[in-house]
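Novice: A single structure is presented below for examination.
Read the figures in this text as sums done on the coordinates, not as results from a lab. It should be emphasised that the depicted structure is a prediction, and the values quoted were computed from it without experimental measurement. Heads up, the Cβs are rebuilt from the backbone with ideal geometry, glycines too, and the neighbour counts pull from every protein chain shown.
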Amino acid sequence: MALKIRLTRHGAKKRPFYRIVVANNEAPRDGRFIEIIGTYDPNQDPAQVTVQAEPLAQWLGRGARPTKTVASLLKKHGLTPAAAAKPNT
């Protein structure tokens, strides 16, 4: 089972709000996930990213790989260890 750290979309039409989740790579985008580890709100100015550092490090240690989008968000906000800077897509 390959694990991805990716975004799931929530919120109203044209008002997106995303959760950063750990999910099986075969699960649908807004489908089943294993754990919520953070949020991303692009409606704020500047965009707000919150991530729980401890679960992020645990899942990266277990082999979960962030998508390109999540890796760039983490890198931009300085919330990433070196492993998250190199996504496996």
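Novice: Can you report the number of residues in the stretch 37-76 which are among the hydroxyl-bearing types (Ser, Thr, Tyr), touching a residue at least 12 places away in the same chain (Cβ under 8 Å) and within 24 Å of GLU26 (Cβ to Cβ)?
Specialist: Of the residues in the stretch 37-76, 4 are among the hydroxyl-bearing types (Ser, Thr, Tyr), touching a residue at least 12 places away in the same chain (Cβ under 8 Å) and within 24 Å of GLU26 (Cβ to Cβ).
Novice: Listed residues ALA23, ALA27; which is small (Gly, Ala, Ser), in contact (Cβ under 8 Å) with a residue 12 or more places away in the chain and under 21 Å from ARG65 (Cα atoms)?
Specialist: That would be ALA23, the only listed residue that is small (Gly, Ala, Ser), in contact (Cβ under 8 Å) with a residue 12 or more places away in the chain and under 21 Å from ARG65 (Cα atoms).
Novice: Collect the residues in the stretch 14-54 that are of a type outside the set (A, V, I, L, M), under 14 Å from LEU74 (Cβ atoms) and touching an Asp or Glu at 6+ places or on another chain (Cβ under 6 Å), keeping them in residue-number order.
Specialist: Scanning the stretch 14-54 gives a single hit, GLN48.
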